[in-house]
Amino acid sequence: MIFRPAREQALHAPATTMAPAPPASAHVPAPRMQPMAKTSGSSRKVVLAALFGNGAIAVTKFIAAAITGSSAMLSEGVHSLVDTCNELLLLYGLKRASKPADETHPYGYGRELYFWSFIVALLVFALGGSVSIYQGIHHLQHPEPMDRPLVNYAVFGASLVFEGYTWWVAVKAFRATKGDQGWFEAFKSSKDASTLTVLLEDSAALIGLMLGLVGITLALVLEDPRFDGYASIGIGLLLVATATLLARETKALLLGESAHPRLRAAIIRIANDDHDVRCANGVLTTQMGPDSVVAALSVEFEDALTTPQVERCINRLETTVRAEHPEVVALFVKPQTPQAWQAHYEALAGES
């Protein structure tokens, strides 16, 4: 790649799917961003609401399944029980992630949350999805008419209310952090694994309840209990799809995903605004947790600067970045020419 001047780079830089921002990002103007709010408090509230809601619903569903013999209701009970266990794991992950940095983990324990979120995804797949599918197949092989169907309707109605409430709590928390992004873009770029997990679980739970209601209704109207089994299989497939999506997102975070492009652009802007910086070449970032980012900034300083002046400039950059974006727990500044940064970036691109 031929190095271009700053203005030409901004217009002709190629798109890339790599985590580090391309050199052109150093010259793309970015609006000032408000400091990112801490997500741990809102995340804990979301998880606690889901924990109490799913626990109560699970007990109710199991009692109703025992009374009516409904396969779909039993699958929904398993679904709610798995969700309850998942919230306990997420609470444990939030507690571990909030531990302060120490000598062995100098950037904190933020990725603990990503690890436990990944475990939650596996549990949803292994327990929720597989058990529901098994129950549905078993009911198809041995169909039995359900007793007291009104009990099922009462439980499904109550479950919709409780699940709807916990879903709304998760939606409000997610909406508060997504800013002006679209919902799909915010979902793809979200770094708060706990809120994302609860939102996906509750969304799947609401859809699962609808499937259960349809299955029970068809089984009664058509006098064919197999529709109850079909609904159970549908719920299981829904959980498998949810678990796959959740595992994919949390895996990317667990392996070390880059920070949001707007944060990278904001760091570049702050550097270019400093009078002792000739050119900010680029920045590499790694998301260490929902509220922690490590950044490495490449800049070219003015040639006439002395070593003390360079040190003061670096201190200003660190102070300004931390003031606007407290989630940046460490900022490493490397004096570098644009040509050297370009060569480094091309080496990274060649290795990917």
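Just to be sure before I move on: is Ser117 polar (S, T, N, Q), buried (at least 20 other Cβ atoms within 10 Å of the Cβ), in contact (Cβ under 8 Å) with a residue 40 or more places away in the chain and under 30 Å from Val294 (Cα atoms) in the structure I sent? Write out each step before concluding.
Values: polar (S, T, N, Q): yes; buried (at least 20 other Cβ atoms within 10 Å of the Cβ): yes; in contact (Cβ under 8 Å) with a residue 40 or more places away in the chain: yes; under 30 Å from Val294 (Cα atoms): yes.
So Ser117 fits the description; yes.
Asn315 satisfies every condition listed in (1) of a type in the set (S, T, N, Q); (2) more than 30 Å from Glu201 (Cβ to Cβ); (3) touching an Asp or Glu at 6+ places or on another chain (Cβ under 8 Å); (4) open to solvent by 30 Å² or more (accessible area, probe 1.4 Å) except (3).
Can you find even one residue in the stretch 144-158 that is among the acidic types (Asp, Glu), in a helix (DSSP H, G or I) and touching a residue at least 40 places away in the same chain (Cβ under 8 Å)?
Restricting attention to the stretch 144-158, the residues satisfying the condition of being among the acidic types (Asp, Glu) are 144, 147.
Add one more test, that the residue is in a helix (DSSP H, G or I), and what stays is none.
No: the stretch 144-158 contains no residue that is among the acidic types (Asp, Glu), in a helix (DSSP H, G or I) and touching a residue at least 40 places away in the same chain (Cβ under 8 Å).
Selection of first residues in the stretch 293-315 that are closer than 30 Å to His260 by Cα and of second residues that are acidic (Asp, Glu) and buried (at least 21 other Cβ atoms within 10 Å of the Cβ), restricted to Cβ pairs under 9 Å at least 6 apart or on distinct chains, gives the following pairs, ordered by first then second residue: Val293/Glu327.
Residue count for the stretch 322-332 satisfying the condition of being open to solvent by less than 30 Å² (accessible area, probe 1.4 Å) and farther than 21 Å from Asp192 by Cα: 1. Evaluation of Ser258 against the conditions (1) open to solvent by 20 Å² or more (accessible area, probe 1.4 Å); (2) outside any helix (DSSP H, G or I); (3) among the small types (Gly, Ala, Ser) shows that the sole unmet condition is (1).
Output yes when any residue across the stretch 194-216 is more than 21 Å from Leu160 (Cα to Cα) and in contact (Cβ under 8 Å) with a residue 40 or more places away in the chain, and no when none is. There is at least one residue in the stretch 194-216 that is more than 21 Å from Leu160 (Cα to Cα) and in contact (Cβ under 8 Å) with a residue 40 or more places away in the chain.
The values are calculated or read from the model by the stated rules, or taken from the named source; none is laboratory data. Model, not experiment: these values are computed from the prediction. Neighbour counts run over all protein chains shown; Cβ positions are idealised from the backbone, glycine included. Quick note on the areas: whole protein, heavy atoms, side chains included, nothing else; ligands and nucleic acids left out. Shrake-Rupley method; radii C 1.70, N 1.55, O 1.52, S 1.80 Å.
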